[in-house]
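Worksheet: the structure to be examined is printed underneath.
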Amino acid sequence: MFSSRLWRNRDYRLLTSGQAVSALGTNISQLAFPLFMLLFTGSAAQAGFAGALRALPYFLFGLPAGALIDRWDRKRVMIACDIGRALSLASIPIAYMGGWLTIPQLYTTAFIEGTLYVFFDLAEAAALPRVVAREDLPQATAQSATVSSFAQLLGSPLGGLLFSIARTLPFVTDAISYGISALTLTLMRTRFQEKREAPGQTLWARIGEGLAWLRQHPNLRMLAFLTGGVNFIFPECSTLVLMVLAGSLNVPAADIGLLITTVGVGCLIGSLVSGWLGTRLSLALVIAGSCWLFALVWPLLALAQSLIEVGGVALTIGIIDPIYDVAQFSYRSARIPDNLQGRVNSAYRLVALGTPPIGLALCGVSLEILGPHWTVLLFTPALVAVALAATLNRRLFSDSDGSHNYATSLEEQAM
């Protein structure tokens, strides 16, 4: 459900609307990029490597980026990143039309966009608790997930349609969306951080503070490792598997967009119910339950023999994903102090987002050698291991913050 109190918040409306447009553009280009790589190179491995390069910057730059986000003006960082990503994506259609486009440029663009995303994402995560009240964080996170799901719902078929019209049109669209996002951020009035004193520590000392804080909070540390296990496959690796699996069924590019749309439909359903679940279930039950559902549903792709069967699995995966994400994001956002948001989030995401580059690279190679069905089976034990780790984590189930519904615990902290 959408909270009327949140939507009376002008700056929240601006932030959410700008990110909705940006998310729409991102979903359009994210569908187009692996398709473009597959057609441009004829290699699933090349497409996997390009995706890995986009995810790699979190592992390389996450920690220093987090420390810098806590020192710099977060709004200016977000605007600069939007402009940089717009220019980077715009280089693809310019080079393609001029006949200069090369595989190294595509790799470079993926890496640049991924690097700028690291700074933008950390700044946005740190800014949200400044834009909305602490007790509104679960609803704000769920509503943002709903808006993002709508963007995915529209973006995937639009991406397939635009790609069928002109291969570079999705990249032009995404570049424009980044410009709109930069404009909405400029119009916001809220300060994205508390007043900062002049930094008296070295960059590495500030990074150490974030690592120490996370080390002292075992629930969040465990969540980081669980999220890293989930992100090893979802959503980047699973999207590539869906595309290759659809290709093996001779599905045209436009219909592949519709297939990815089913994931968006699932995400929309999951994001709509995630806030409701947060008022009724404990964090531990939501996290462990989601992990087991991932582990049980994913292997069904290996048995799928038709587009309808693939779409059914994709829909279910889409439902589970935002339920997990909303729970872990709202839980950690409310507990990290404002002056440590960037550093702790970067340490958390170093673990949580350090696995996609490995997963994508392995996935691309496996798809090329073994095909989609055996690749699904090869990755299944990793999800079972994550589900077991979540279930056997006694601290998560016995801790007072995790033993009742997590939305109520955030409201109690705000009182």
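Charges only on Cβ, +1 for Lys and Arg, -1 for Asp and Glu: so what's the dipole of region 264-345 about the Cα centre, in debye to the nearest 20? Each step should come with its number before you reach the end.
On the way: 4 positive and 4 negative charges, 59 e Å.
The calculation lands at about 280 debye.
Along the charge dipole of the chain, which of T261, L161, S346 sits closest to the positive end, that is, farthest toward it, with unit charges on the beta carbon of Lys, Arg, Asp and Glu (+1, +1, -1, -1)? Checked the options; the winner is S346. The residues of the chain expose on average 40 square angstrom of accessible surface per residue, using a 1.4 Å probe on protein heavy atoms.
Exposed loop positions in the chain were taken to be trypsin sites (Lys or Arg not before Pro) whose DSSP state is not H, G, I, E or B and which have at most 16 other beta-carbon atoms within 10 angstrom. Between these positions, the longest stretch is 9-188.
Using a Gaussian network model of the chain in which every pair of alpha carbons under 10 angstrom is joined by a spring, one finds that among L277, L106, L187 the greatest mean-square fluctuation is at L187. Helices of the chain meeting both criteria, an alpha-carbon length of 20 angstrom or more along the long axis and an average Kyte-Doolittle score not below 0.5, with helices taken as full DSSP H segments, are 10-41, 44-71, 74-98, 103-131, 137-165, 169-187, 253-278, 283-297, 307-335, 372-392. One decimal place: the segment L87-L392 gains 105.1 nm when fully extended, by the rule 0.36 nm per residue minus the C-alpha distance. The calculated FRET efficiency for T190 paired with H373, based on their beta-carbon distance and R0 = 51 Å, is about 0.55.
Name the most mobile residue of S248, S148, S29, meaning the one with the largest mean-square fluctuation, in a Gaussian network model of the chain with Cα contacts below 10 Å. Among S248, S148, S29, the largest mean-square fluctuation in the Gaussian network model of the chain belongs to S248.
Measure off, as a whole percent, the carbon and sulfur share of the 1.4 Å-probe accessible area of the chain, all protein chains present.
Working: 11250 of 16740 Å².
Carbon with sulfur: 67 percent of the solvent-accessible area.
Database note for the chain: Cys without another Cys beta carbon under 4.7 angstrom, C81, C267, C291. Structure remark: mean-square fluctuation, Gaussian network model of the chain, C-alpha springs under 10 Å; the largest value among Q139, Q201, Q341 belongs to Q201. Measuring from label point to label point, each 7 Å out along Cα→Cβ, what is the Q305 to W100 span in nm? So the two model labels end up 5.2 nm from each other. Recomputing Cα Rg over 2.2 N^0.38 Å from the coordinates shown identifies the correct label among (1) 1.31; (2) 0.93; (3) 1.00 as (2).
The values are calculated or read from the model by the stated rules, or taken from the named source; none is laboratory data. Note that this is a predicted model, so its numbers are computed, not measured. Every residue, glycine as well, gets a Cβ built from its backbone with ideal geometry; the counts of neighbours run over all protein chains shown. Accessible surface areas use protein heavy atoms only, side chains included; no ligands, DNA or RNA. Shrake-Rupley method; radii C 1.70, N 1.55, O 1.52, S 1.80 Å.
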